[in-house]
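Worksheet for the structure shown next.
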Amino acid sequence: SALVGAKRIGYDVAYSMVHQRFGVKHIDELTPSQLNAAIEYVHSLTLDTQNEHNALWRLIGILEHERISNELNKLQNILSAADAQLRRIRASRGLIYDGFSEQRIKSHNPRLLQEAKNFINRQHEMKRL
């Protein structure tokens with residue numbers, strides 16, 4: 001039944017394979033030593049199928065490992081670039097903050113504040129293009 005399940009063949013075909021291999025018309029004609037050889041023969045046919053099945057899953061595993069490794073490398077590159085960008089932004093923010101504390105402006109002129117906001121918005125728009 002292992003051969004029938006592994007090869008997906010009917011019992012009559014499995015018995016015919018054994019009959020043909022050992023030159024008998026019926027399974028009862030096998031000698032005890034032939035019976036052991038017939039069992040080994042059936043096992044070898046089953047193992048061939050299982051080895052092929054295992055090889056398929058091994059290849060699937062190798063290909064999936066390669067695909068996932070490539071995706072992880074791409075993500076690592078993206079994260080490294082994002083980290084570098086964050087470091088640059090933090091450094092700029094620190095410089096700007098230091099500049100504010102050195103200016104000692106008592107009050108902000110509303111017109112200057114609006115000009116500064118407009119300038120920043122234009123800079124962001126230019127970066128998007």
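Bear in mind these aren't lab numbers, they're just calculated from the coordinates by the rules spelled out. None of the values given here were measured: they were computed from a predicted structure. A quick note on method: Cβ atoms are made from the backbone with ideal geometry, for glycine too, and the neighbour counts reach across all protein chains shown.
Can you order the peptides 58-67, 21-30 by their average number of other Cβ atoms within 10 Å per residue, highest first?
21-30, 58-67
Would you mind getting me the FRET efficiency between H26 and L63? Use the beta-carbon distance for r and R0 = 35 Å, nearest 0.05.
After rounding to 0.05, the efficiency reads 0.15.
With a Förster radius of 22 Å, plug the Cβ-Cβ distance of R93 and K117 into 1/(1 + (r/R0)^6) and report the FRET value to the nearest 0.05.
Taking R0 as 22 Å, the efficiency between R93 and K117 is 0.80.
Stretched out fully, how many nm does the piece from H19 to Y41 gain, at 0.36 nm a residue minus the Cα gap?
6.8 nm
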